[in-house]
Amino acid sequence: MATKFDVAAYSFRKKCPYVSKDLLHWFPGHMNKGLKQMQRKLKSVDCVIEVHDARIPFTGRNPIFTNTLTGAKPHILVLNKKDLTIRSLLPKIKDQLTSEGVQNVIFTNSKDQHCRGLKSLRPRLVDIIKSSNRYNRSEELDYSVMIIGVPNVGKSSLINMLRSRNMNIKHALPVGAVAGITRSVMTKIRINNDPKIFMLDTPGILEPSVSDIEMGLKLALCASLQDHLVGEEIIADYLLYWLNKHGCFKYVDFMGLEEPCDDINKVLVTGSIKLNRVRRTRDFDGRIREVPDVVEVARTMIRAFRTGELGKILLDIDLLKRDDKQENVLADL
């Protein structure tokens, strides 16, 4: 069991680590091309499902979608990876999103075939399409759905799981833990027979410019930006800042520390000893020595967050409107 520490006993940083916005800017050509393809295909779909990360339900969603895609068609917001966030706060997250105008919110874990959210998605989808004005598709018997979202939130995984669950057919789309696996609008994938439902996978599209540094770092921490473009040590430093700020200290044992620490260099060097992550380097005189592989340790620390080893975490906890008497649950430790 992890050692308990009193957050009030430590003087941690009050501000988010500063990074250049240029490091958080990633809008390769396939994103611009994909967005144009999505806009052209919008007339041929009945509903748009926007997939986002449940750890950042209020930040990081691309505003371009609201202006060009979700505003024109019935819309369902699927908050995926619910298994990695704080389950007890999901109802409050949904209430807040509903109050902000998002009428259809479903939480899913696209790696769990028995997930209730996955089970409820198909009937919700059918009901929404039936009750909407399908315009030029009113005579069509099949339903066509476009899946959109920022990179690496589980769009392809969601399609694969629905296909497997509803039709008992193996996965049809490639998936991966790196942002940018899907690079173009693909052909329709059938995920249900009665009624016939087809889903259109699309590439993850980020906002062309990051206006808020912390939002960009949250996206990077959730793997919506490629790690090497931002820098693993930078992402790990933001993670350390957030964990300390919210009193989530599972990293102390994980990294081999004696107590919480606000210095990412010390955390990574200590972690290299605990995790035996070293690399060999040659000095100017030709001698070979072993030094801490801090980049690899940073990757390990980030991976531990992404797999839930550092606790169930809601990165947008400060944006969740809660009354003062509510229990201050920050992570399931």
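Once both axes come from the Cα atoms, what is the angle between helix 29-41 and the longest principal axis of the chain, in degrees from 0 to 90, rounded to 10?
Its long axis makes an angle of about 20 degrees.
Probe radius 1.4 Å, ligands and nucleic acids ignored: give me the carbon and sulfur share of the accessible area of region 196-333 as a rounded percent. If you can, show how the numbers build up before the last one.
Numbers: 2970 of 6450 Å².
For region 196-333, the apolar C and S fraction of the accessible surface comes to 46 percent.
For region 62-147, build the convex hull from the C-alpha positions and give me its volume per residue in Å³. Numbers along the way, then the final one.
Details: hull volume 10.2 nm³, N = 86.
Cα convex hull per residue, to the nearest whole number: 119 Å³.
Convert each backbone phi in region 63-80 into a coupling constant with the Karplus relation 6.51 cos²θ - 1.76 cosθ + 1.60 (shift: θ = phi - 60°), then list the ³J(HN,Hα) values in order as whole Hz, x for Gly and Pro.
With the stated coefficients, region 63-80 comes to x, 4, 4, 4, 6, 10, 10, 6, x, 9, 9, x, 9, 10, 9, 9, 9, 8 Hz.
With the Cα gyration tensor of region 19-125 giving a ≥ b ≥ c as the square roots of its eigenvalues, does the rule (a/c under 1.5 for rounded; else a/b larger than b/c for prolate; else oblate) give rounded, prolate or oblate?
oblate
Please determine, in degrees from 0 to 90 and to the nearest 10, the orientation of helix 294-306 with respect to the longest principal axis defined by the Cα atoms of the chain, where the helix direction is its Cα long axis.
Tilt of helix 294-306: around 40 degrees.
Any idea of the accessible area per residue across the chain, 1.4 Å probe, to the nearest Å²?
49
Once you order the gyration tensor axes a ≥ b ≥ c over the Cα atoms, which shape class does region 217-304 get: rounded for a/c under 1.5, otherwise prolate or oblate by comparing a/b with b/c?
Taking the square roots of the gyration eigenvalues as a ≥ b ≥ c, region 217-304 is oblate.
Nearest 10 degrees, 0 to 90: what angle lies between the long axis of helix 116-130 and the longest principal axis of the chain (Cα atoms)?
In the chain, helix 116-130 runs at an angle near 30 degrees to the longest axis.
Can you tell me what share of the DSSP beta bridges in the chain is antiparallel? A percent to the nearest 5 is fine.
40
What order, most packed first, do the peptides 40-52, 189-201, 152-164, 268-280 have when packing is the mean number of other Cβ atoms within 10 Å of each residue?
Highest mean packing first, the order is 152-164, 40-52, 189-201, 268-280.
Quick check: the distance between the Cα centres of region 253-292 and region 195-235, to the nearest angstrom?
29
So what is the relative contact order of region 25-180, in percent, for Cα pairs below 8 Å that sit 6 or more residues apart?
Computed value for region 25-180: 28 percent relative contact order.
The values are calculated or read from the model by the stated rules, or taken from the named source; none is laboratory data. Only a predicted model underlies this, so the values are computations on that prediction, with no experimental measurement involved. As a convention, Cβ positions derive from the backbone with ideal geometry for all residues, glycine included, and neighbour counts pool all protein chains shown. We work out accessible area using only protein heavy atoms, side chains counted, and drop any ligands, DNA or RNA first. Shrake-Rupley method; radii C 1.70, N 1.55, O 1.52, S 1.80 Å.
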